[in-house]
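The values are calculated or read from the model by the stated rules, or taken from the named source; none is laboratory data. Only a predicted model underlies this, so the values are computations on that prediction, with no experimental measurement involved. When we count neighbours, we look across all protein chains shown, and the Cβ atoms used for this are built from the backbone with ideal geometry, even at glycine. Remember, those area values only see protein heavy atoms, side chains included, never the ligands or the DNA or RNA. Shrake-Rupley method; radii C 1.70, N 1.55, O 1.52, S 1.80 Å.
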Amino acid sequence: MESSTRKAVTPKEALNDLENKILVITGAGISAESGVPTFRGTGETWQGRHFTELANPVTFAAEPRLIWDWYLYRRNVVAVRGPNPAHVAIAERARRVPGSITLVTMNVDDLHEQAGYTDHVTHYHGSLWHNRCTACGLEREERSLAYADLPLSPCCGALERPAIVWFDESVSTEAFCRTQIGLMSADVVLIVGTSGAVWTAVQYAGLAMSRGILTIMVNLEQTRVPSHYFLQGKAGEVLPELLGGA
Ligand code: OAD
């Protein structure tokens, strides 16, 4: 395969070249080995409802208790899970050259942070551990694992919702801009554990390739996310080898 990056290199060489800037985009697959269900896998339905119906503002408007219970269930799942070797490999690679990685995750868990990734993590689809006021939009960290009564915002006294980007909603301008900036400065784009069913990874991978940026995809199975290199396998096995030094 020919790439138009500065040097003809293997994925491992490119990712361990300490002069390279790397944009990393992660999806649910990176947390699978930690025991967090993927969406298009064991997490597809909950109490007989499909996740596309649950991650949805229309359903929240009609059944806020149901939606909060789903997110409380997910908080309880993540609360007893820890990072796996894939999260750790990214954190360790970032430590070698501070500022060399832009990390964007579609995951709402905090396993990258728990793995010791200390730079900013862009949570493209929001955070499981934040609530948003439905009146003014103010977000606050909130780590409760149960609500006897649905949470009200301290700012407006209005119902709070999970601070998550649901279907038919837009990502935040900040998340979008941080990802664009990461892409503009990237020498390598590494995409891990996403099906490509939502547009995010497909779009950024396509943009990266059109700009001649070396694009590497790690996943259990081939997806529609385009890449120069597709490395098939478990993220927890592939990433430590790939990022572990040349
Ligand atoms: P999906 O559940 O759609 O896809 C997970 C991908 O990870 C699949 O392609 C699996 O083959 C792969 N996978 C599973 N285990 C893996 C492992 N151990 N190592 C590597 N790959 C593995 O998750 P996403 O693509 O992240 O949005 O889903 C994107 C968005 O769709 C989510 O953020 C969510 C959902 O709608 C919201 O909830 C807003």
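Axis angle, to the nearest 10 degrees, between helix 64-79 and the longest C-alpha principal axis of the chain: 50 degrees. Where only DSSP H runs of four or more residues are counted, the chain gives -9500 deg cm²/dmol as its mean residue ellipticity at 222 nm, each run worth -39500 (n - 2.57). The calculated P(r) of the chain, using every Cα pair and 5 Å bins from 0, goes 1, 6, 14, 18, 19, 16, 11, 8, 5, 2, 1, 0 in percent. In the chain, the longest principal axis of the Cα atoms and the axis of helix 85-96 are about 60 degrees apart. Taking 0.36 nm per residue of separation and subtracting the current Cα-Cα distance, fully stretching the chain between ILE181 and ASN76 would add 34.4 nm.
Taking every C-alpha pair closer than 8 Å and separated by at least 6 residues, the mean separation divided by the residue count of the chain gives a relative contact order of 26 percent. Protein heavy-atom accessible surface, 1.4 Å probe, per residue over the stretch 1-123: 44 Å². Who wins for biggest fluctuation among PRO83, PRO151, PRO11 in a Gaussian network model of the chain, springs between alpha carbons below 10 Å? Its mean-square fluctuation being the largest, the pick is PRO151.
Run through the DSSP bridge list for the stretch 81-181 and note the antiparallel percent, rounded to the nearest 5. Could the numbers behind the result be given before it?
Details: 9 of 12 bridges.
If we restrict to bridges inside the stretch 81-181, about 75 percent are antiparallel.
Take the solvent-accessible surface of the protein heavy atoms, probe 1.4 Å, and return the percent of it on the chain that carbon and sulfur atoms account for. Carbon-and-sulfur percentage of accessible area, whole number: 54.
Label point of THR173 set 7 angstrom out along Cα-Cβ; within the stretch 130-152, amide nitrogens under 18 Å from it belong to 136-139. Amide H to amide H distances under 5 Å link THR102 with ILE22, LEU23, VAL24, where only residues 5 or more positions off or on other chains count and H is placed in the peptide plane. Using a Gaussian network model on the chain with a 10 Å cutoff between Cα atoms, which of VAL58, VAL189, VAL202 fluctuates the most? In this elastic network of the chain, the residue with the biggest mean-square fluctuation among VAL58, VAL189, VAL202 is VAL58. Using bins of 10 Å that start at zero, the share of Cα-Cα pairs per bin across the stretch 1-125 amounts to 11, 36, 28, 16, 8, 1, in whole %. For the chain, the share of DSSP beta bridges that are antiparallel, to the nearest 5, is 35%.
Shown here for the stretch 66-172: GluC sites (Glu not before Pro) in loop regions (DSSP other than H, G, I, E, B) with at most 14 other Cβ atoms within 10 Å, namely GLU169.
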